[in-house]
Amino acid sequence: MKILMVLTSHDQLGDTGKKTGFWLEEFAAPYYVFKDAGAEITLASPKGGQPPLDPKSDDPDAQTAATERFRKDSEAQQALANTLRLADVKAENFDSVFYPGGHGPLWDLAEDKNSIALIEAFVAAHKPVGAVCHAPAIFRHTKNADGQPLVDGKKVTGFSNSEEEAVGLTDVVPFLVEDMLQRNGGHYSKGDDWSNYVVSDGLLITGQNPASSEGVAEALLAQL
């Protein structure tokens, strides 16, 4: 199994002057689900190299068994520091793709032409696409073969409006994931705030929040 993980390269939280990036747990938990299943993992980001870590995901209360494992894993840290440029990866070389969240993807991956083309290529080749928390932002501009939004008519989830409100960033983010998925014709549903909630519909596997990251990875593996 060859799995591509795509991380954000964006580190500015709107015009707040604060930093953002990818959410550590949403990378680490799926990474080890894949690794422990024997998958070959490749990491990529729009700019390549070290993707920016959301500093809040480094807070003590955001740590999990997977993040602790990552801290002691020099091989994983080395891989993360040397992500490939997204423009240089091709869907044909992988069995599936997974996007960790964090607020960063709202700014770059949602709009990135290479990411959009990559996702459309995975789906066209009948390969599953996983995204958790803010990462379903990647479906903002993706289309299916007949030119309709990729999520149109699909059951999906992602970071909820109520969760965005809870972290106080409703007026900072460029768009709300829940609203965008619904605008694109997705059948959006959610669980309780901060609870594990995963939705699979065909090749699209989405998770609501950090607690859902492991579940999305397991659902993606099940398809392989």
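The values are calculated or read from the model by the stated rules, or taken from the named source; none is laboratory data. What you see is a predicted model; the values in this text were computed from it and never measured. Cβ: placed from backbone, ideal geometry, glycine included. Neighbour counts: every protein chain shown. Just the protein is used for accessible areas: all its heavy atoms, side chains included, with ligands, DNA and RNA removed. Shrake-Rupley method; radii C 1.70, N 1.55, O 1.52, S 1.80 Å.
A compact table of results
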read-out: For His141: the one exception among (1) within 19 Å of Asp112 (Cβ to Cβ); (2) crowded, with 21+ Cβ neighbours inside 10 Å; value: (2)
read-out: From Asp171, Asp201, residue being over 30 Å from Lys18 (Cα atoms), at pLDDT 95 or above and more than 16 Å from the chain's Cα centre (by Cα); value: Asp201
read-out: Leading residue by the ranking (nearest to Val33 (Cα to Cα)) among those in the range 174-194 that are crowded, with 20+ Cβ neighbours inside 10 Å, touching a residue at least 24 places away in the same chain (Cβ under 8 Å) and of a type outside the set (A, V, I, L, M); value: Tyr188
read-out: Options Asp88, Asp112; residue that is open to solvent by less than 70 Å² (accessible area, probe 1.4 Å), modelled with pLDDT of 95 or more and either under 17 Å from the mean Cα position of the chain (by Cα) or not aliphatic (A, V, I, L, M) (or both); value: Asp112
read-out: Pairs where the first residue, in the range 144-163, is outside any loop (DSSP other than H, G, I, E, B) and the second is surrounded by 14 or more Cβ atoms within 10 Å (Cβ to Cβ) and among the charged types (D, E, K, R), C-beta under 6 Å, 6+ apart; value: Lys155/Asp201; Asn161/Glu178; Ser162/Asp193; Glu163/Asp193
read-out: Residues within the range 118-150 that are under 16 Å from Gln182 (Cβ atoms) and either among the aromatic types (Phe, Trp, Tyr) or modelled with pLDDT under 95 (or both), tallied; value: 1
read-out: Some residue of the range 124-134 being over 24 Å from Lys190 (Cβ atoms), out of contact with any His (no Cβ under 9 Å at 6 or more places or on another chain), in contact (Cβ under 8 Å) with a residue 40 or more places away in the chain and surrounded by 15 or more Cβ atoms within 10 Å (Cβ to Cβ); value: yes
read-out: Among the residues listed as Gln78, Gln63, Gln12, the single one being over 20 Å from Phe122 (Cα atoms) and touching a Lys or Arg at 6+ places or on another chain (Cβ under 8 Å); value: Gln12
read-out: Test: residue in the range 75-89 that is of a type in the set (A, V, I, L, M, F, W, C), touching a residue at least 40 places away in the same chain (Cβ under 8 Å) and within 24 Å of Thr157 (Cβ to Cβ); value: no
read-out: Residue within the range 195-204 that is surrounded by 15 or more Cβ atoms within 10 Å (Cβ to Cβ), assigned to a loop (DSSP other than H, G, I, E, B) and free of Cβ contacts under 8 Å to residues at least 24 places away in the same chain present; value: yes
read-out: All positions within the range 5-33 that are open to solvent by less than 10 Å² (accessible area, probe 1.4 Å), within 18 Å of Glu75 (Cβ to Cβ) and of a type outside the set (Phe, Trp, Tyr); value: Met5, Leu7, Leu24, Ala28, Ala29, Pro30
